[in-house]
Amino acid sequence: MSATPWISLTTDYGLTDGFVAACHGVIARIAPAARVIDVTHLVPPADVRRGAAVLAQTVPYLPVGVHVAVVDPGVGTARRGVALATPGGLLVGPDNGLLPEAADALGGVTGAVELTTPAWLAPRVSRTFHGRDVFAP
């Protein structure tokens with residue numbers, strides 16, 4: 001990766017509240033030098049298939065970095081949060097089918113971890129805002 005880290009955000013959060021800003025804030029506190037690219041926050045709510053398509057179509061054209069994607073109708077359930085390593089960067093998000101197509105577009109999965117390590121998470125993890133508390137950190 002380059003000296004300046006790149007992070008992209010793809011969500012279904014919309015633009016009428018502070019959810020996107022909260023994720024930007026978490027990223028800025030942890031990595032103030034990072035540059036953030038907003039892919040879109042207008043994926044139709046809970047439309048994992050559409051989010052996966054948008055992500056896969058976009059990430060090959062982004063700088064190598066961390067690609068955070070949150071379209072997560074299963075938030076608050078037993079679904080896992082994951083990070084997938086690829087030759088084109090890391091994909092971070094829910095393990096619900098959102099990431100595999102993008103991983104293929106970035107050269108395939110070379111490693112994977114479940115996001116359970118406390119140091120990787122917010123000090124308090126909300127049951128319903130994993131974008132801010134699990135995926136953005």
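The values are calculated or read from the model by the stated rules, or taken from the named source; none is laboratory data. Keep in mind it's a predicted model, so treat the numbers as computed, not measured. The protein model used for the area step is the full one, side chains on, heavy atoms only, and it has no ligands, DNA or RNA in it. Shrake-Rupley method; radii C 1.70, N 1.55, O 1.52, S 1.80 Å.
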Q) Per residue, what accessible area does the stretch 74-137 have, given a 1.4 Å probe and all protein chains present, in Å²? A) 50 Å²
Q: Return the long-range amide H neighbours of residue 82 (sequence gap of 5 or more, or a different chain), with a cut-off of under 5 Å between placed amide H atoms.
A: 93, 95, 115
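So what is the relative contact order for the chain, in percent, with contacts set as C-alpha pairs under 8 Å and at least six apart? List each step's numbers first, then the result.
Values: 276 pairs, mean separation 34.8, N = 137.
Value for the chain: 25 percent.
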**Q.** Ranked order, 13, 61 - accessible area, probe 1.4 Å, largest first
**A.** 61, 13
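Of the heavy-atom accessible surface of the chain (probe 1.4 angstrom), what whole percent is carbon and sulfur?
Taking all protein chains in place, the chain shows 58 percent carbon and sulfur surface.
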Q.
Please list 91, 121, 15 from largest to smallest accessible area, probe radius 1.4 Å, with all protein chains kept in place.
A. 15, 121, 91
(Q) Looking at the chain as a GNM with Cα springs under 10 Å, which of 111, 51, 89 has the largest mean-square fluctuation? (A) 111
(Q) With a 1.4 Å probe and all protein chains kept in place, how much accessible area does residue 101 have, in Å² rounded to the nearest 10? (A) 100 Å²
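Looking only at the chain, where both bridge partners belong to it, what percent of the DSSP beta bridges are antiparallel (to the nearest 5)? The partial results should precede the final answer.
On the way: 10 of 24 bridges.
Roughly 40 percent of the beta bridges in the chain run antiparallel, per DSSP.
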Q | Residue-level accessible surface for residue 125, protein heavy atoms, 1.4 Å, Å² | A | 70 Å²
Q. Based on DSSP H runs of at least 4 residues, each adding -39500 (n - 2.57), what is the mean residue ellipticity at 222 nm of the chain after dividing by all its residues, to the nearest 500 deg cm²/dmol?
A. -6000 deg cm²/dmol
Q. In whole Hz, what ³J(HN,Hα) sequence does the stretch 109-121 give by Karplus (6.51, -1.76, 1.60; θ = phi - 60°), x for Gly and Pro?
A. 6, 10, x, 8, 9, 8, 7, 10, 5, x, 5, 8, 10
Q: Output ³J(HN,Hα) for the stretch 21-34: one whole-Hz value per residue in order, computed from phi by the Karplus curve 6.51 cos²θ - 1.76 cosθ + 1.60 with θ = phi - 60°, and x for Gly and Pro.
A: 4, 4, 5, 4, x, 4, 4, 5, 5, 7, 9, x, 8, 5
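Let me know the shape class of the stretch 1-118, please: from the alpha-carbon gyration tensor, a ≥ b ≥ c as square roots of the eigenvalues, rounded when a/c is under 1.5, otherwise prolate if a/b is greater than b/c, or oblate. Don't jump to the answer; show the numbers that get you there.
Details: a/c = 1.26, a/b = 1.05, b/c = 1.20.
Rounded shape, in that the Cα axes give a/c under 1.5.
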Q | Most to least accessible of 86, 4 (protein chains only, probe 1.4 Å) | A | 4, 86
Q) If you project the alpha carbons of the stretch 48-103 onto the principal axes, what extent comes out on each, in Å, largest first? A) 32, 20, 13
